[in-house]
1. Per DSSP H run of at least 4 residues, take -39500 (n - 2.57); add these up for the chain, divide by its residues and hand me the 222 nm value, nearest 500 deg cm²/dmol.
2. Between Asn48 and residues 5 or more places away or on another chain, which pairs have amide H atoms under 5 Å apart, with H built 1.01 Å from N, and which residues are they?
3. What whole-number distance in Å separates the alpha-carbon centres of the range 28-44 and the range 59-96?
4. With r defined as the distance between the Cβ atoms of Ser101 and Ser2 and R0 fixed at 22 Å, what FRET efficiency is calculated, to the nearest 0.05?
5. Calculate the tail of P(r) for the chain: the fraction of all Cα-Cα distances greater than 19 Å, expressed in %.
6. In a GNM of the chain with a 10 Å cut-off on Cα contacts, which of Thr109, Thr51, Thr14 has the highest mean-square fluctuation?
7. Amide H to amide H under 5 Å from Leu86: which residues, 5+ apart in sequence or cross-chain, H placed 1.01 Å off N in plane?
8. Mind giving me the nanometre distance, one decimal, between the label points for Tyr113 and Glu41, set 7 Å out from Cα along Cα→Cβ?
Amino acid sequence: MSFVKIWVHLVFATKNREPLLAKNFRYDLYDHIIQNCKEKEIYLQTVNGYTDHIHCLISLGKDQNISKVSQLIKGESSFWVNQNDLSESKFGWQDDYFAVSVSESQVETIAKYIKNQEQHHSKKSFDDEVKEFMTRYGWQKIKD
């Protein structure tokens, strides 16, 4: 029997970073993502976000990879939003995402950070958060 515990902090934004995640359905979307992850056997510890992006804390299973998990969450959730006419315009996620590994000792810290997204973004924009991630994790922004 294989035992795997690989924690990943996954962040993805709405198409063109438009503020489409209105409060009137944002929390229903999180609940839907939680349910979808259970059905697809994706271990999602925490999900939260703001008007234009979502953070997820996921523990990958032995047969999962971040690309497939991201695709399953993003694809099904955007379909659900559009199917239920929850957004004033066509809803979609950007193709890109951020993903970084999280050590077991930092799981609770990251979960708390994710849970406090609204408070966090009252002081810091998503653009500033992205720049901070780019610096903290040494990512080089690739230009098309």
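Please treat every number below as a calculation from the coordinates, not as lab data. Keep in mind it's a predicted model, so treat the numbers as computed, not measured. Heads up, the Cβs are rebuilt from the backbone with ideal geometry, glycines too, and the neighbour counts pull from every protein chain shown.
1. -13000 deg cm²/dmol
2. So Asn48 has HN proximity to His55.
3. Their Cα centres are 10 Å away from one another.
4. 0.75
5. The answer is 51 percent, as a whole percent.
6. Among Thr109, Thr51, Thr14, the largest mean-square fluctuation in the Gaussian network model of the chain belongs to Thr109.
7. none
8. Here the answer is 3.0 nm between the modelled labels.
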